[in-house]
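Engineer: Attaching a single structure in structure tokens format; questions to follow.
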Amino acid sequence: MSKSILITGGAGFIGSHVVQLFVEKYPDYTIVNLDALTYAGNLENLKAVEGTSNYIFEKADIQDESALKAIFAKHAITDVIHLAAESHVDRSITDPLAFVKTNVFGTVNLLNAAKEFWKDKLSDHLFYHVSTDEVYGSLHDGGFFLEDTPYDPQSPYSASKASSDHFVRAYANTYKMKTVISNCSNNYGPNHFPEKLIPLCIHNIKTNKPLPVYGRGENVRDWLFVKDHARAIDTVFHKGKEGETYNIGGFNEWKNIDIVKLLCSKMDEKLGREAGTSEKLITYVKDRAGHDLRYAIDATKIQQELGWEPSLQFEEGIEITIDWYLNNQDWLDHVTSGAYQKYYSEHYGD
Ligand SMILES: NC(=O)c1ccc[n+]([C@@H]2O[C@H](COP(=O)([O-])OP(=O)(O)OC[C@H]3O[C@@H](n4cnc5c(N)ncnc54)[C@H](O)[C@@H]3O)[C@@H](O)[C@H]2O)c1
């Protein structure tokens, strides 16, 4: 059946991969990418689909009720995949309110717009909320996050995402909206804004800058290649059961310091540097306030019930990622300058 899907946050890291996958795989769907183009949103991430007949971009803020109303009506939106968010834990520590505004208020605004527009037939439409494993808190002694692990968010970012998850469930329960939620572990891959660990290290190794590592780098994260997350979102969107939650992960845990050392050794090889050169750039810095020790996802449910599993081994994914950053210096330069704003104006006007 033909659909008109509103994907929010489609100019960001994960959203851009989801938009590209849906535009290319489902030519019968209209894909409407709604994004406010904050510092993290970049239309250069979508060059591959720009100009494709089933792709539309709408610059809007999910906090803007009338803009949402108009976009739902203009494109006769049938379903939502909601990724737009403030997503960086460090920024949430310095400005928690920005996270409440977008992640909590913005999500409720979007739920209201969908509920209002679909009011005659709520059960015909899906609101898919994309969330994070960080809502479950920190694991200290073994174990994995399951879909029914109690929420225990520890940072302003994860508290805002947990709150938005609760609102989505509340709308399902109260108004009988058809919803689904997925909670994913850390993503890596192309288009990742260089404030996050992996792209930051690749960039700094290349430019011989210090590699800041929080505390002793003992924090453990589970890493998933971003295109595998996009494939999982496709799977949950099409096969997920109404009202359910699916954990998505890479079965791939790494200590931060080990990731940084791996990047150093791979980059030494690629840049023709003597082994051990880049490790000298590692600089331990004061730990992040309230830094969660370990996240680890048990992704058995999506694997067994929906048949999804990661397609790439980490070794393969990290090679692709490093090569992408080395071959896309222009992209890095643009996202770290104001140049993509110009790109946006040239293509879409102010
Ligand atoms: N990055 C990860 O490892 C990870 C893991 C699990 C879940 N998630 C979740 O996936 C989603 C996408 O994450 P990401 O890493 O791609 O984030 P990102 O920061 O790269 O992208 C977020 C996008 O949302 C847009 N946006 C921000 N505020 C907006 C607003 N008020 N209105 C409209 N658009 C707005 C930005 O312009 C940007 O394009 C988020 O909901 C995040 O919580 C991320």
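Engineer: For the stretch 1-135, with only Lys/Arg (+1) and Asp/Glu (-1) charged at the beta-carbon, what is the dipole magnitude about the Cα centre, in debye rounded to 20?
Structural biologist: On the way: 11 positive and 18 negative charges, 66 e Å.
Rounded to the nearest 20 debye, it is 320 debye.
Engineer: Over the chain, what is the mean sequence separation of C-alpha contacts under 8 Å (at least six apart), divided by residue count, expressed as relative contact order in percent?
Structural biologist: 17 percent.
Engineer: Additional query: Compute the helix-to-body angle for 156-175: its Cα long axis versus the longest principal axis of the chain, expressed 0 to 90° and rounded to tens.
Structural biologist: Taking Cα atoms only, the helix is inclined about 20 degrees.
Engineer: With a ≥ b ≥ c the root eigenvalues of the C-alpha gyration tensor of the stretch 118-190, is it rounded (a/c under 1.5), prolate (a/b larger than b/c) or oblate?
Structural biologist: Numbers: a/c = 2.43, a/b = 1.93, b/c = 1.26.
Prolate, because a/c is 1.5 or more and a/b exceeds b/c.
Engineer: Provide the solvent-accessible area of residue 59, counting protein heavy atoms only and rolling a 1.4 Å probe, rounded to the nearest 10 Å².
Structural biologist: Near enough 110 Å² of accessible area.
Engineer: What translational diffusion coefficient, to the nearest whole µm²/s, does the chain have by Stokes-Einstein, given a Kirkwood radius computed over alpha-carbon pairs, a temperature of 10 °C and 1.306 mPa s viscosity?
Structural biologist: 77 µm²/s
Engineer: Continuing with this model, one more query. For the chain, what is the accessible area per residue in Å² when the probe is 1.4 Å?
Structural biologist: That works out to 43 Å² per residue.
Engineer: How high is the relative contact order of the stretch 192-294? Use alpha-carbon pairs under 8 Å, at least six apart in sequence, and give a whole percent.
Structural biologist: Values: 113 pairs, mean separation 43.3, N = 103.
42 percent.
Engineer: Starting from 0.36 nm per residue, how many nanometres of slack lie between residue 116 and residue 346 once their C-alpha separation is accounted for?
Structural biologist: 79.3 nm
Engineer: If you don't mind, another one. Long-range amide H contacts for residue 184: which residues qualify at under 5 Å (H placed 1.01 Å from N, peptide plane, sequence gap of 5 or more or a different chain)?
Structural biologist: Excluding prolines and chain starts, which carry no amide H, the hits are 131, 132, 133, 248.
Engineer: Within 10 Å of each candidate Cβ there may be at most 12 other Cβ atoms; applying that plus a DSSP loop requirement, which GluC sites (Glu not before Pro) in the stretch 215-260 survive?
Structural biologist: Sparse-neighbourhood loop GluC sites (Glu not before Pro): 242.
Engineer: List the trypsin sites (Lys or Arg not before Pro) within the stretch 85-134 that fall in a DSSP loop (any state other than H, G, I, E or B) and whose Cβ has at most 14 other Cβ atoms within 10 Å.
Structural biologist: For trypsin sites (Lys or Arg not before Pro) across the stretch 85-134 that sit outside H, G, I, E and B with at most 14 neighbouring Cβ atoms in 10 Å, the list is empty.
Engineer: From the cross-link list 3/176; 115/241; 3/119; 74/342, which pairs have alpha carbons spaced over 24 Å apart?
Structural biologist: The answer is 74/342.
Engineer: Can you pull out the GluC sites (Glu not before Pro) in the stretch 272-315 whose DSSP state is coil and whose Cβ has at most 14 other Cβ atoms within 10 Å?
Structural biologist: 274
Engineer: When we measure straight from the Cα of residue 101, which aspartates and glutamates land under 19 angstrom away, once same-chain ones fewer than 8 places off are left out?
Structural biologist: Within the straight-line cut-off, residue 101 pairs with 35, 61, 64, 65, 86, 90, 134, 165.
Engineer: With a point put 7 Å past each Cα toward its Cβ, work out how far residue 2 is from residue 242 in nm, to one decimal.
Structural biologist: Between residue 2 and residue 242, the simple spin-label model gives 2.5 nm.
Engineer: Rounded to the nearest 5, what % of DSSP beta bridges with both residues in the chain are antiparallel?
Structural biologist: DSSP beta bridges in the chain are roughly 5 percent antiparallel.
The values are calculated or read from the model by the stated rules, or taken from the named source; none is laboratory data. Because the structure is a prediction, the values reported are computed rather than measured. Counting neighbours? That spans all protein chains shown, and the Cβs are built from the backbone with ideal geometry, glycine included. Each accessible area value is taken on the protein alone, full model and side chains, heavy atoms only, with ligands, DNA and RNA left out. Shrake-Rupley method; radii C 1.70, N 1.55, O 1.52, S 1.80 Å.
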